[in-house]
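Here's the structure we're looking at; comments come further down.
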Amino acid sequence: MALLEIKGVSRFFGGLAALTDISFMVAKGEILGLIGPNGAGKTTLFNVVNGFYRPSKGEVLLNGKNISGYKPHRICRLGLARTFQVVKPLQRMSVLDNVIASAFLRAKTKTDAEKIAAEVLEFTALQDDRDVISKGLPLGKRKRLEIARALATQPEMLLLDESFAGLNPSELNESIEIIRKIRAKGITIMIIEHHMKVIMSISDRIVVLNYGEKIAEGTPGTISHNQLVIEAYLGDSQGA
């Protein structure tokens, strides 16, 4: 059953088409990878899905409900959370307080928010950093904090925007394990990632964008042998 449906979505900025007639669905419990060269429209699509941009054409449906044009906080309350390519913690607050702030989306009391935050920090292996001021965290842990803040909203679906970028091999393995644990909790994931080994290993299906258009969709095995995808990343092997 589809949790998220993208139906004929286009987004224009002036005369520039950043997205053109994008359609696909994400099933409940699935990990869907979203890949493409720089400037392909991946983050723009995330911004349309979670309400930062209104689609110029088309619709975004969450659990069958048309959420096109909803504000981000309303979409988050409906169960769709996201992380950002450039991590943006509340820099002067502790790791714990960052997550508590997000937990208040659902929590009725501070005690409830603290309980949610403690569980999320343990889940993301950040419990030992709970009292650290977030701006002092290394990049790998800031990326993990970004995921923790999104999880604290208790989402049904999570959009991850380059959560593996800049991580060392050890951090990559830790983050991959966290993503798999998130899916095991029943949370659906759509992830943008340039690290092809990672995206191929964790995704059930992959959608490929290029110049704002969908050029391919399928399993990792199918996508890795798709000539259009190979050319989009490597250029036409036959030359001009």
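Annotations
This table checks each residue for (1) surrounded by 23 or more Cβ atoms within 10 Å (Cβ to Cβ); (2) of a type in the set (V, I, T); (3) at pLDDT 95 or above.
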| residue | (1), (2), (3) |
| --- | --- |
| R130 | no, no, no |
| G136 | no, no, no |
| A152 | yes, no, yes |
| E171 | no, no, no |
| I187 | no, yes, yes |
| D204 | no, no, yes |
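- Of all residues in the range 138-150 being over 26 Å from R106 (Cα atoms) and within 18 Å of the chain's Cα centre (by Cα), the one that is surrounded by the fewest Cβ atoms within 10 Å (Cβ to Cβ): L139
- The listed residue being under 21 Å from F164 (Cα atoms) and assigned by TED's automatic domain parsing to the domain that holds K181, out of N50, N66, N98: N50
- Enumeration of residues in the range 154-166 that are crowded, with 20+ Cβ neighbours inside 10 Å, in a loop (DSSP other than H, G, I, E, B) and in contact with a Leu (Cβ under 9 Å, 6 or more places away or on another chain): P155, F164
- In the range 64-102, of all residues being among the polar types (S, T, N, Q) and in contact (Cβ under 8 Å) with a residue 60 or more places away in the chain, the one that is surrounded by the fewest Cβ atoms within 10 Å (Cβ to Cβ) corresponds to Q85.
- Residue count for the range 126-153 under the criterion of being assigned to a loop (DSSP other than H, G, I, E, B) and without any contact (Cβ under 8 Å) to a residue 60 or more places away in the chain: the result is 7.
- In the range 39-63, residue surrounded by the fewest Cβ atoms within 10 Å (Cβ to Cβ) [restricted to those that are assigned to a loop (DSSP other than H, G, I, E, B) and touching a residue at least 60 places away in the same chain (Cβ under 8 Å)]: G39
- Flag if K7 is in contact with a Gly (Cβ under 6 Å, 6 or more places away or on another chain), farther than 23 Å from I179 by Cα and basic (K, R): yes
- Answer from A232, A240 - the residue that is modelled with pLDDT under 90 and surrounded by 19 or more Cβ atoms within 10 Å (Cβ to Cβ): A232
- Of the residues examined, I191 is not one that is surrounded by fewer than 22 Cβ atoms within 10 Å (Cβ to Cβ), under 19 Å from E30 (Cβ atoms) and within 13 Å of the chain's Cα centre (by Cα).
- Residue in the range 114-123 that is in a helix (DSSP H, G or I) and among the aromatic types (F, W, Y) present: yes
- Any pair with Cβ under 7 angstrom, 6 or more apart, that starts in the range 195-210 at a residue that is part of a loop (DSSP other than H, G, I, E, B) and ends at one that is among the aromatic types (F, W, Y): H195/F164
- Residues satisfying the stated conditions in the range 144-171, i.e. under 20 Å from D128 (Cβ atoms) and not polar (S, T, N, Q): R144, L145, E146, I147, A148, R149, L151, A152, L167, E171
- Whether a residue is under 20 Å from I31 (Cα atoms), of a type in the set (K, R), in the same structural domain as D21 (by TED's automatic domain parsing) and surrounded by 18 or more Cβ atoms within 10 Å (Cβ to Cβ) was assessed, and R180 does not pass this test.
- So L105, is it surrounded by fewer than 17 Cβ atoms within 10 Å (Cβ to Cβ) and closer than 22 Å to L151 by Cβ: yes
- Residues of the range 1-28 satisfying the condition of being outside any strand (DSSP E or B) and modelled with pLDDT of 95 or more: K28
The values are calculated or read from the model by the stated rules, or taken from the named source; none is laboratory data. All figures in this text were calculated on a predicted structure; none of them were measured in a lab. Cβ coordinates were reconstructed from backbone atoms using ideal geometry, including for glycine residues, and neighbour counts include every protein chain displayed.
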